[in-house]
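Undergrad: This is the structure, below, for whatever I ask next.
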Amino acid sequence: MRFVVLLFLYLKLIRNINGANILFIGALASPSHYIWNKVLSTELVRNGHNVTIITHDYDSTKMENYTVITMKGFYEHLENEFPAEKYMLENNVFNFIHQSVDYGAIACTFDFSTEGFKVLMDYPQNFTFDLIIYDITYPVCLYGLIPRFNNPPVIAVTAFLLNPYVSYSFGNPLQTSHIPHYCSKFTNQMNLRERLTNTIYSWADILIYKYISIPRQTAITRAVFGQGMIPPWDEIERNISLLLVNTDPAFDYPMVLAPNIIPVGGLHIKPAKSLPQDFEVIYNKAKGGVIVFSLGTNVKSNILNKNHTDAFLKVFSTLKQVVIWKFETGVLENVPQNVFIRKWLPQNDLIGHSNTKLFITHFGALGTQEAMYHGVPMVGFPVFVDQHVNAAKLAEKKIALYLDYESLTYENIYNTITEVLNNPMYKNNIVKISQRYKNQPLTALERAVFWIEQVLKNGDVHYLNVPTRDMPMYQALNLDVILLITICLVFIYAVVKSVFRCCLYVLRMFKQDKVKEKMM
């Protein structure tokens, strides 16, 4: 027994010696992103590394070799400076892109004023991180920490979709003909008008981000770190080795990815665990099955007005299923006996229970991936950003139905829920997706850790970069080639037209001479 204990301590010591010192920068204020980032971070800790994560989210978890530095107060600050109603339920893509520019400046200014940021800046100047992992979703002003810690290798990650600017910055083709913009309501089957609109959205996203948002964030960053400390943004981004992105062809539309973009969709998902006792009791009594209703972490229940909640409760009262509803704000009145209200849910474990028949959702990425993993069909209503395109995608796959926020009436809710519950097509289709996703040689988390280890071993993986990453925009898009071909075609057209006119002129002159000869 003593030998076993000594061996365990020895192996643990060896792992700590060989482990890397990693800084994880969670720049985006989003509880769901922190959940995703934490799963990856803690898995790296279990692999023997030391991880320090800077985030906006408070975490009471005590774990050896896992340090959380919190930039406190941003959520409250954001509600004052950038209230939820300013961007929730916003369907105008250009308005959202413009608002994201303001959000980035607000976030950068606030982050640099926090005690959490100052804690990290107070590290010794010669302190070394072996690797920086950066949540590249938005904003990017904390790029300043990369030169601050002497430019170690950097890996980008995002729990979001592959947005146009990030795709462009890694040299990946945009594929606007079949990959819808994250704020649109399009599917991968777009008509001419939709493809044109989608292309405009995507390039507007890139150009506004590159020429408006980035300069604003750069100015704020250089004011904090010093002008000479921050190299050009393009240079910083170019030195990011690779990107781990929350997509998977089993869940999402198939798309071409450059070798330096690694799909790790569903990285956060785990097999369902046993339920807490109170939920277990509810499930055991639910002979008709259970419906789980949750709007995730970013969207709160107060997005629904009284007419909406009354309509949902009226529908639930007619169903044979039990409904477990995550409702954090206020008190619901006239709750039917088959409805259980909770302020918090172990969402993944509830969705993964064999007795769960339906998931009512806002179509956030993480929750819908959990439902696909566990094979549970969905109904819901999108609220903002990528939720609209997620809803359209899942409806196109025939594993979900969705309603617009404005159409949340009793009749619409009832018809939609009963259609998905009673039509086996939705369940059959999502079970197939679940099987495809699970039938892979590596899990998404294992794949992510593998590539992080590769960067740690090799220093970088720039051999994965495609040449377009280093090309100016006009070359990457072959605009110079298209221009040259156009000029040549115009020249050929002009020559042919001139020759044709000359031939007509000669022919007319010849005819006129013939006429004159006959007259003579």
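Just so it is clear, none of the values below were taken in a lab; they were calculated from the coordinates. In this text the structure is predicted, and so the values were computed from the model without any measurement. Note that each Cβ is placed from the backbone with ideal geometry, even for glycine, and that neighbours are counted across all protein chains shown.
Undergrad: Quick check for me: using +1 on Lys/Arg Cβ and -1 on Asp/Glu Cβ, what's the dipole size of the chain about its Cα centre, in debye to the nearest 20?
TA: Values: 46 positive and 42 negative charges, 329 e Å.
So the dipole magnitude of the chain works out to roughly 1580 debye.
Undergrad: Here is a follow-up. Which one of F129, L366, A391 is farthest out on the positive end of the charge dipole of the chain, using unit charges on Cβ (Lys, Arg +1; Asp, Glu -1) and the Cα centre as origin?
TA: A391
Undergrad: Counting pairs of alpha carbon atoms under 8 Å apart in space and at least six apart in sequence, what relative contact order in percent does the chain give? Display every interim value, and only then the final one.
TA: On the way: 794 pairs, mean separation 72.9, N = 520.
Taking the mean separation of contacting Cα pairs over the length of the chain, I get 14 percent.
Undergrad: Past the 20 Å Cα-Cα mark, which pairs from K270/K397; K185/K393; K185/K438; K273/K357; K185/K270?
TA: Numbers: K270/K397 23 Å; K185/K393 9 Å; K185/K438 28 Å; K273/K357 17 Å; K185/K270 29 Å.
K270/K397; K185/K438; K185/K270, as the Cα separations exceed 20 Å there.
Undergrad: What order do you get for S317, S169 when you list them from fewest to most C-beta neighbours inside 10 Å?
TA: Details: S317 14, S169 20.
In order of increasing Cβ crowding within 10 Å: S317, S169.
Undergrad: Another question, if that's okay. Quick check on the exposure proxy: order L131, L120 from fewest to most C-beta atoms within 10 angstrom. Before the final figure, lay out the partial values.
TA: Working: L131 22, L120 19.
Arranged by neighbour count, lowest to highest, L131, L120 become L120, L131.
Undergrad: Quote the Stokes-Einstein diffusion coefficient, in whole µm² s⁻¹, for segment 234-324, based on the Kirkwood radius over alpha carbon pairs, a temperature of 20 °C and a viscosity of 1.002 mPa s.
TA: Taking Rh from Cα pairs, D becomes 120 µm²/s.
Undergrad: Any chance you could run the full-extension gain for K270 through Q435? It's 0.36 nm times the residue separation minus the Cα-Cα distance, nm to one decimal. Could you put the intermediate results ahead of the total?
TA: Values: separation 165, 0.36 × 165 = 59.40 nm, distance 1.46 nm.
57.9 nm is the gain from fully extending K270 to Q435.
Undergrad: For the chain, build the charge dipole from Cβ charges (+1 Lys, Arg; -1 Asp, Glu) around the Cα centre, then report which of A105, P472, N239 sits farthest towards its positive end.
TA: Toward the positive end, the furthest listed residue is P472.
Undergrad: Taking 7 Å along the Cα-to-C-beta vector as the label spot, tell me the D102-Q454 distance in nanometres, rounded to one decimal.
TA: 4.2 nm
Undergrad: Only one of the values [x] 52, 24, 23; [y] 47, 35, 23; [z] 35, 31, 24 was calculated from this structure for semi-axes √(5λ) of the Cα gyration tensor in Å; name its label.
TA: Given [x] 52, 24, 23; [y] 47, 35, 23; [z] 35, 31, 24, the calculated one carries the label [y].
Undergrad: If you don't mind, there's one more thing I want to ask. Unpartnered cysteines of the chain (Cβ-Cβ under 4.7 Å counts as a partner)?
TA: Unpaired cysteines in the chain: C183, C488, C502, C503.
Undergrad: If you wrap segment 277-438's Cα atoms in a convex hull and average its projection over all directions, what's the area in nm²?
TA: Numbers: hull surface 34.7 nm².
Quarter of the Cα hull surface area: 8.7 nm².
Undergrad: Going by how many other Cβ atoms sit within 10 Å of their own, how do V449, V431 line up, fewest first? Could the numbers behind the result be given before it?
TA: On the way: V449 21, V431 16.
Fewest-to-most ranking of V449, V431: V431, V449.
Undergrad: Here's something else I'd like to know. Do the sum for the chain: with -39,500 (n - 2.57) for every DSSP H run of n ≥ 4, divided by all residues, what is the mean residue ellipticity at 222 nm, to the nearest 500 deg cm²/dmol?
TA: Helix contribution divided over all residues of the chain: -15000 deg cm²/dmol.
Undergrad: Compute the longest continuous run of the chain that contains no exposed chymotrypsin sites (Phe, Trp or Tyr not before Pro); treat a site as exposed when its DSSP state is not H, G, I, E or B and it has at most 12 other Cβ atoms within 10 Å. Walk me through the intermediate numbers first.
TA: On the way: sites that count: Y58, W344.
Counting at most 12 other Cβ atoms within 10 Å as exposed, the longest clean stretch of the chain is 59-343.
Undergrad: Now a separate question. Give the residue from S407, F327, V292 lying farthest towards the positive end of the charge dipole for segment 277-438; charges sit on Cβ (+1 for Lys and Arg, -1 for Asp and Glu) and the dipole is referred to the Cα centre.
TA: Value: V292.
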